[in-house]
1. In the set TYR118, TYR131, TYR108, which member is of a type in the set (Ser, Thr, Tyr) and closer than 17 Å to ILE49 by Cβ?
2. Would you please list the contacts, defined by Cβ atoms under 9 Å and residues six or more apart or on different chains, that run from a residue in region 67-85 that is under 14 Å from ALA352 (Cα atoms) to a residue that is assigned to a loop (DSSP other than H, G, I, E, B) and among the acidic types (Asp, Glu)?
3. Does VAL138 fit the bill of being assigned to a loop (DSSP other than H, G, I, E, B), open to solvent by 50 Å² or more (accessible area, probe 1.4 Å) and either modelled with pLDDT of 95 or more or in contact with a Lys or Arg (Cβ under 6 Å, 6 or more places away or on another chain) (or both)?
4. Scan region 83-91 and give yes if some residue there is within 21 Å of the chain's Cα centre (by Cα), at positive phi and surrounded by fewer than 23 Cβ atoms within 10 Å (Cβ to Cβ), otherwise no.
5. For region 97-135, what are the residues that are within 22 Å of the chain's Cα centre (by Cα), open to solvent by 40 Å² or more (accessible area, probe 1.4 Å) and of a type in the set (Ser, Thr, Tyr)?
6. When the residues of region 46-67 are narrowed to those that are within 14 Å of LEU128 (Cα to Cα) and touching a Lys or Arg at 6+ places or on another chain (Cβ under 7 Å), which ends up surrounded by the most Cβ atoms within 10 Å (Cβ to Cβ)?
7. Within region 341-361, does at least one residue satisfy the condition of being more than 30 Å from VAL246 (Cα to Cα) and part of a helix (DSSP H, G or I)?
8. Look at LEU152 and say whether it is open to solvent by 50 Å² or more (accessible area, probe 1.4 Å), in a helix (DSSP H, G or I) and touching a residue at least 12 places away in the same chain (Cβ under 8 Å).
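The values are calculated or read from the model by the stated rules, or taken from the named source; none is laboratory data. If you're wondering where the values come from, they're calculated on a predicted model, not measured in any experiment. Here the Cβ positions follow ideal geometry from the backbone for every residue, glycine too, while neighbour counts run over all protein chains shown. Areas reflect the complete protein model, heavy atoms only, side chains present, ligands, DNA and RNA absent. Shrake-Rupley method; radii C 1.70, N 1.55, O 1.52, S 1.80 Å.
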Amino acid sequence: MFNFTKGRFMLRNTRRAANGMILFIFAAALALSSCMKQIPGAVKAANPILELEMDLFFMDLVAAQVKMNQLLLDRMPVSLEDDWPELLRHYSEGDVDGEKEKQAKKAYDECLEKALKYDFSFYRFYDLSVYLGALFRVGSFEDLMGAGAVALRGKFCFEASKILGRRYEHAKTALSSLPFGCICAYYSDKFQSLRPGARECAIPSRDAECSFFNRPTEEILHAQLFGGGISSWIDFKVPSSCFRVVVGEHLGGVRRGTEAGSFENVFYTLLPVNLRENLERVDEELFLTVSDLKTVEARLDEKGIQSGERAALNRQKQFLEKEKKNKEGVQERLYKQALKTVQVDRKKIAVAKKLLNIAEYIDDTFNEVNTAMIALTVKIVDDVILFGELGPGDIAQRIAFLTAHGIVKGVDLQKRFELLGKRAISLPVTWASAWGYAIAQKFKVSRYRDYLEALVKMEDKLKKGSKV
């Protein structure tokens, strides 16, 4: 992966460093417990039903964020006057001024989590804190060790899911045609925000047309996944009328398959004309190569794959690694050439700053949960195996455990279990596809970010009147 900015992967502020360290500690503990069967008492302590529900919930969140990113990149129009890109970045940075704003942010986060409960049923039906507490039943030392390992990895995944989930819900409210603040009043006076119940919020409903914003995400996502996998979900249409009415003139740029004035078609207008077509092509080819490579790597992490299939996957991996390396070399050369030959003016700098907010939101969001995504690949494999080994008596016992302790409420757990069984069959493959797409998207956006940061750095030279 090429870099134009030295120290590309260094954490950019103290808050992110703290979050990154917490996730790293959790991930290290999870790595030590990567094979549940090797930990005394772990298999006995874990409830495969809830563990698999947790895996599916996290996978659904990743898929939801991938779709959101796609909408940000090629559907949502951008203007210099509208501040929605800054709004995305402001929340992800988490900055607050004073105790009053700190309390307002806490209320905003709680409101986002309510929206998350609406979008994903795991939050409504399961109480993870009760589950983690119930693991530590009186038992032997081995039982307590196993309970500790299960609780740690459960806490790790759940905390990462809340980070991702809140950012997803924030982006939803920022992009929706419903005026900002109608769902959750924003905590900072730096951005205009209505309050729920305001007169402006009483607009006609377009539930059928704008289902992505109005219906539970989980319902739409599952229908698409069962219908055609992750690609069907990515291709799910969201009409232009469902998005925020952007103030000001949409920035220029037309790119096939994208909305006029969206991030990607505006981004390529910042490149020298003679290099745009080649860079668009190599960016897209590399995106597809990385997506396929990460999908194959995730599949290779699965257990129980037949030797013939594993050999074929390894051959495919070797081919894709070579393709990735070759295309990255071409891409790096072209972007370096672009930076040497691009004619920069104040308008381009302003556009680069605007787009950089969007790129940083996407890139930082996956940076926050990247460790969890990697670790979840291992967790899913273990959980699917344990779930598949449940006999009729085990199933009844595990369901009784969830209901007796008040871990699950308001759901027919037997019917839920049947759906869980159907999804468990395809979970490793579906996760591999979602993971591959997410990482490819992150790589692509990171490269956009590198170029935009390099352009913004040229502003000082421009102010001094030097040639760029």
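1. That would be TYR131, the only listed residue that is of a type in the set (Ser, Thr, Tyr) and closer than 17 Å to ILE49 by Cβ.
2. As it stands, the answer is SER79/GLU249; LEU80/GLU249; GLU81/GLU249, since those pairs meet every condition given.
3. no
4. No: region 83-91 contains no residue that is within 21 Å of the chain's Cα centre (by Cα), at positive phi and surrounded by fewer than 23 Cβ atoms within 10 Å (Cβ to Cβ).
5. TYR118
6. ILE49
7. yes
8. Spelling it out, LEU152 is indeed open to solvent by 50 Å² or more (accessible area, probe 1.4 Å), in a helix (DSSP H, G or I) and touching a residue at least 12 places away in the same chain (Cβ under 8 Å).
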